[in-house]
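J.: The structure follows.
The values are calculated or read from the model by the stated rules, or taken from the named source; none is laboratory data. Predicted, not measured: the structure shown is a model, and the values here were computed from it. Note: areas computed on protein heavy atoms with side chains; ligands, DNA, RNA excluded. Shrake-Rupley method; radii C 1.70, N 1.55, O 1.52, S 1.80 Å.
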Amino acid sequence: MVEPSTVLEIIDYNSFPKPLSVGAVGMVYGKITNGMTTNFFSELIYPFHLDANGYPSIGIKFALDAIRYSATSEVLVAIQYLQGHGWFEREVEFFINGLDPFDEIQANGWKSERGSDEEWGTSERVDMAFYLEDVVSELEEEGKALSKEWYYAKVSQLYFSDIEMPDVAMTIGILLAQLWWRVDLGGVAERGQANSEALQKANSARKERSKVQSEDRNNVISQYWIEAMAEFGAETMRRDSNAAQAIYAIAMRKRPKELLIKATGEVIGVEAIRKRISALRKLNKVG
């Protein structure tokens, strides 16, 4: 019996506006088929992978090496894609801590104001989850729900919330499957859907909920700003990092639902609060 041939197909290639610090210039999406078996893959592309026309020139071995079977490696690809599209500073380095593919993803440079000796831990993971939740909300508010960026932001947010939860891991797998379906067949399938009006209404409702949740968080932080100002004084609250520490202390005492991570019940971290304070200050809503 003759073995079926293996077929490699590049579905899409996205070049980054600027190369990453590691030298990657884009992200390739593809699928590799052998008989009845199909696997999708995504991987960073470096200059030496490009042909004379600037398009990826990759082979079957590249595709096989790129296929990821663990949620950790899938999320590493996702978060590197988000970094390539400006959601993280180029200097932040994401990596898997160890040789085991099930080891945790960590980030060097995620909290530079804490100092270089600060180790990755629970508070950093919570901060990352809350920041990615904000990214998801922003994408929804911009009408980009169910885009590649949205899918990658959502699976990354779930991963950093609590990947050990079985339902979280299952949800990540479902979202990734939906993403590949949309990349491969979504354009054709969506044009044939008769319920596009219902889908549009659902997306509008999702965006409105995200907007309300974001405003609720900002309102709580603004309220705690006033309390912290009275308790710690104007000089302490002048710097965003100090103000974030003060508001975090109040949040730890009161534990408002608006500042809790849904998956873990933990209070959001100092870095997530600092990012919102900076945004609120620009809008003249605090300080």
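J.: As a test question: what accessible area, to the nearest 10 Å², does residue 33 have when a 1.4 Å probe is rolled over all protein chains in place?
T.: Accessible area of residue 33: about 40 Å².
J.: Using modelled backbone amide H atoms (1.01 Å from N, in-plane), which distant-in-sequence or interchain residues come within less than 5 Å of residue 16's amide H?
T.: Residues meeting the criterion, in which the H sits 1.01 Å from N, are 26, 27.
J.: What number comes out for accessible area per residue over the stretch 11-90 if the probe is 1.4 Å? Units Å², please.
T.: Details: 3810 Å² over 80 residues.
I get 48 Å² per residue for this part.
J.: Another question, then. Which residues' amide hydrogens lie under 5 Å from the amide hydrogen of residue 11, considering only partners 5 or more residues apart or on another chain, with H built in the peptide plane?
T.: Answer set, sorted by chain and number: 29, 30, 31.
J.: Using only the Cα atoms of the stretch 242-287, what semi-axes does the equivalent ellipsoid have when each is the square root of 5 times a gyration tensor eigenvalue? Give whole Å, largest first.
T.: The three semi-axes for the stretch 242-287 are 20, 11, 9 Å.
J.: Using amide H atoms built 1.01 Å from N in the peptide plane, name the residues 5+ places from residue 43, or on other chains, whose amide H lies under 5 Å from its own.
T.: The list, which skips near neighbours in sequence, is 28.
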